[in-house]
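Inspection log for the structure reproduced underneath, given as structure tokens.
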Amino acid sequence: MKNLYEDAKNIAIKDPAATSVFHVIFLYPGFHILIFHRIAHFLYNIKLFFIARLISQIGRFLTGIEIHPGAQIGRRLFIDHGMGVVIGETAEIGNDCTIYHGVTLGGTGKDKKKRHPTLKNNVIVGCGAKILGNIIIGNNVKIGANTVVLNDIPDNCTVVGIKGTILK
Amino acid sequence: MKNLYEDAKNIAIKDPAATSVFHVIFLYPGFHILIFHRIAHFLYNIKLFFIARLISQIGRFLTGIEIHPGAQIGRRLFIDHGMGVVIGETAEIGNDCTIYHGVTLGGTGKDKKKRHPTLKNNVIVGCGAKILGNIIIGNNVKIGANTVVLNDIPDNCTVVGIKGTILK
Amino acid sequence: MKNLYEDAKNIAIKDPAATSVFHVIFLYPGFHILIFHRIAHFLYNIKLFFIARLISQIGRFLTGIEIHPGAQIGRRLFIDHGMGVVIGETAEIGNDCTIYHGVTLGGTGKDKKKRHPTLKNNVIVGCGAKILGNIIIGNNVKIGANTVVLNDIPDNCTVVGIKGTILK
């Protein structure tokens with residue numbers, strides 16, 4: 001519970017449109033989904049997979065944000081707006097990350113056990129960006145809107161664009 | 001009320017899949033959100049910020065479209081499909097604009113007071129496009145699907161693509 | 001009904017995060033929308049357009065996936081995650097296709113009767129990709145995340161990227 005208050009306070013500080021912690025607690029889907037995820041992740045860890053995913057899906061219905069119960073999420077995650085966000089089962093997110101709406105931390109179908117990305121600390125992922133595969137996004141990385149990332153990114157980088165070619 | 005009827009009529013004319021104004025009024029989330037936004041924007045202007053955002057969030061839940069109560073929207077806006085649209089607090093939209101699903105009129109974190117874009121009249125924004133920052137999109141501009149726009153665009157242009165490079 | 005069970009079974013096989021057909025039936029919005037679409041498409045074919053679209057819109061509200069009742073969908077379609085998917089009135093989808101969240105099979109405003117794409121068999125469309133216009137996507141084509149496709153694609157290709165230029 002203490003951590004959830006910390007999450008809400010962090011959002012109130014970071015979002016110029018947020019006027020108070022009270023606003024965040026009542027109005028921010030990106031905060032509400034963290035409550036659902038806590039519960040779902042707990043149930044997932046004790047192997048109650050069906051009920052864990054049911055809670056995750058109820059959260060998705062209410063917030064437009066889909067976090068698989070298995071995902072490991074650090075402290076003070078700020079999911080802004082959030083509609084369309086998808087975070088996969090084996091994704092890991094460090095502390096103080098910001099994720100905008102439409103972002104995917106997904107798989108490519110090539111990996112087996114760990115199929116989804118790892119975000120280190122203080123990563124910002126712009127709206128619509130897709131981060132795919134078992135890759136590592138370094139500390140303090142900024143990823144631009146609609147960017148597609150398929151490879152590891154070292155610390156302190158800014159990444160934009162998608163490589164555009166027709167492959168045989 | 002008269003304006004809302006004008007909005008619905010405009011959608012019925014523009015959408016090849018719409019068969020009548022009646023259909024638009026009952027079936028189009030992009031029309032429903034305009035009703036919510038009217039109320040939310042009125043409440044925002046008299047500084048009832050919490051209730052204004054609550055109505056905006058209820059509208060988001062029902063339609064998948066998030067318009068901040070502060071956004072200024074012109075006449076005959078057509079938001080088609082609409083899921084995932086995000087329109088920021090200081091965004092301004094002229095008359096006769098069309099916005100598809102997944103479009104963001106958002107901020108970059110660099111601007112202070114006016115943080116979101118201004119769309120002049122008759123602008124078309126393709127699905128998934130992100131328009132970010134305090135920039136001006138000229139009259140009759142067309143923006144392609146998934147395009148990312150970070151700079152002013154002069155009148156009568158078509159813009160497509162995102163610049164793809166890894167910046168230090 | 002038999003086909004719907006086939007659809008669910010196919011999802012359970014393809015998704016590494018799905019543990020059983022039971023899970024798919026209760027937890028997968030991409031399966032639920034197929035039920036709505038069956039009903040809506042039947043009503044559309046007997047020209048009950050309003051009620052058909054009403055059911056389509058209820059499905060959109062519950063799943064975040066918008067399929068126009070007129071769309072023709074083949075067997076064993078797997079819509080994964082699904083939030084933000086839009087499939088247009090004259091779109092056609094073959095058998096064994098996989099579509100991720102945020103994908104659009106939409107129009108460009110240039111075509112008249114057949115306005116939306118045709119996907120042949122075994123096509124995979126990555127998250128956020130937009131396929132626009134009356135074009136044909138060949139058998140076994142893979143389309144990368146956030147890709148924009150505006151032209152026919154021959155069989156067995158992989159397509160990624162969006163062409164980025166400012167057109168007068």
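In the set C:D80, C:D96, C:D7, which member is on the phi > 0 side of the Ramachandran plot, open to solvent by less than 60 Å² (accessible area, probe 1.4 Å) and of a type outside the set (K, R)?
One residue alone meets the criteria, C:D96.
Only one of C:F50, C:F36 is more than 13 Å from every other protein chain (Cβ to nearest Cβ), surrounded by fewer than 24 Cβ atoms within 10 Å (Cβ to Cβ) and assigned to a helix (DSSP H, G or I); which?
From the options C:F50, C:F36, the qualifying one is C:F36.
For segment C:23-53, enumerate the residues that are among the small types (G, A, S) and touching a residue at least 40 places away in the same chain (Cβ under 8 Å).
Taking segment C:23-53 as the starting set, the residues that turn out to be among the small types (G, A, S) are C:30, C:40, C:52.
Across segment C:23-53, the qualifying residue is only C:G30.
A quick yes/no check of all residues on (1) within 22 Å of C:Y44 (Cα to Cα); (2) small (G, A, S):
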{"residue": "C:R75", "(1), (2)": "yes, no"}
{"residue": "C:C97", "(1), (2)": "no, no"}
{"residue": "C:Y100", "(1), (2)": "no, no"}
{"residue": "C:V103", "(1), (2)": "no, no"}
{"residue": "C:G107", "(1), (2)": "yes, yes"}
{"residue": "C:N122", "(1), (2)": "no, no"}
{"residue": "C:N139", "(1), (2)": "no, no"}
{"residue": "C:G144", "(1), (2)": "no, yes"}
{"residue": "C:C157", "(1), (2)": "no, no"}
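Identify, please: which residue in segment C:19-31 is surrounded by fewer than 20 Cβ atoms within 10 Å (Cβ to Cβ) and out of contact with any Lys or Arg (no Cβ under 8 Å at 6 or more places or on another chain) and is, among those, nearest to C:G70 (Cα to Cα)?
Checking each candidate, the answer is C:I25.
From (1) open to solvent by less than 10 Å² (accessible area, probe 1.4 Å); (2) at positive phi; (3) modelled with pLDDT under 95; (4) not acidic (D, E), pick out the condition that doesn't hold for C:G109.
Result: C:G109 passes all but (1).
Would you mention how many residues in segment A:68-86 are in contact with a strand residue (DSSP E or B) (Cβ under 7 Å, 6 or more places away or on another chain) and either charged (D, E, K, R) or more than 10 Å from chain C (Cβ to nearest Cβ) (or both)? Even if it seems obvious, please write down each step before you answer.
Initial filter on segment A:68-86 (in contact with a strand residue (DSSP E or B) (Cβ under 7 Å, 6 or more places away or on another chain)): A:68, A:71-74, A:77-81, A:83, A:85-86.
Those still in the list that are either charged (D, E, K, R) or more than 10 Å from chain C (Cβ to nearest Cβ) (or both) too: A:71-74, A:77-81.
Residues that pass the stated criteria total 9.
From the list B:K114, B:K110, which one is basic (K, R) and in contact with a strand residue (DSSP E or B) (Cβ under 9 Å, 6 or more places away or on another chain)? Step through it out loud before you land on a result.
Working: B:K110 fails: in contact with a strand residue (DSSP E or B) (Cβ under 9 Å, 6 or more places away or on another chain).
Only one candidate qualifies: B:K114.
Would it be correct to say that C:T108 is within 25 Å of A:E89 (Cβ to Cβ) and among the polar types (S, T, N, Q)? Explain how you work it out, then say what you get.
Working: within 25 Å of A:E89 (Cβ to Cβ): no; among the polar types (S, T, N, Q): yes.
In short, no.
From the set of residues in segment C:1-17 that are aliphatic (A, V, I, L, M) and without any contact (Cβ under 8 Å) to a residue 24 or more places away in the chain, which is nearest to the other protein chains (Cβ to nearest Cβ)?
C:A17
Select, from C:T90, C:T104, C:T118, the only residue that is more than 13 Å from chain B (Cβ to nearest Cβ) and β-branched (V, I, T).
One residue alone meets the criteria, C:T118.
Could you say which residue among B:I65, B:I136, B:I124, B:I143 is open to solvent by less than 10 Å² (accessible area, probe 1.4 Å) and more than 10 Å from chain A (Cβ to nearest Cβ)? Talk me through it step by step, then tell me what you get.
On the way: B:I65 fails: more than 10 Å from chain A (Cβ to nearest Cβ); B:I136 fails: open to solvent by less than 10 Å² (accessible area, probe 1.4 Å); B:I124 fails: open to solvent by less than 10 Å² (accessible area, probe 1.4 Å).
Result: B:I143 is the single residue among B:I65, B:I136, B:I124, B:I143 that is open to solvent by less than 10 Å² (accessible area, probe 1.4 Å) and more than 10 Å from chain A (Cβ to nearest Cβ).
Is at least one residue of segment B:3-11 hydroxyl-bearing (S, T, Y), modelled with pLDDT under 95 and in a helix (DSSP H, G or I)?
Yes, segment B:3-11 contains a residue that is hydroxyl-bearing (S, T, Y), modelled with pLDDT under 95 and in a helix (DSSP H, G or I).
Which of the numbered conditions does B:N151 fail, given that it passes all the others? Conditions: (1) within 11 Å of another protein chain (Cβ to nearest Cβ); (2) open to solvent by less than 60 Å² (accessible area, probe 1.4 Å).
(2)
Which of the following residues is among the polar types (S, T, N, Q), without any contact (Cβ under 8 Å) to a residue 60 or more places away in the chain and more than 14 Å from chain C (Cβ to nearest Cβ): B:S20, B:S56?
On inspection, the qualifying residue turns out to be B:S56.
The values are calculated or read from the model by the stated rules, or taken from the named source; none is laboratory data. All values reported here derive from a predicted model rather than from experimental measurement. Counting neighbours? That spans all protein chains shown, and the Cβs are built from the backbone with ideal geometry, glycine included. Side chains are part of the model used for accessible areas, which takes the heavy atoms of the whole protein and leaves out ligands, DNA and RNA. Shrake-Rupley method; radii C 1.70, N 1.55, O 1.52, S 1.80 Å.
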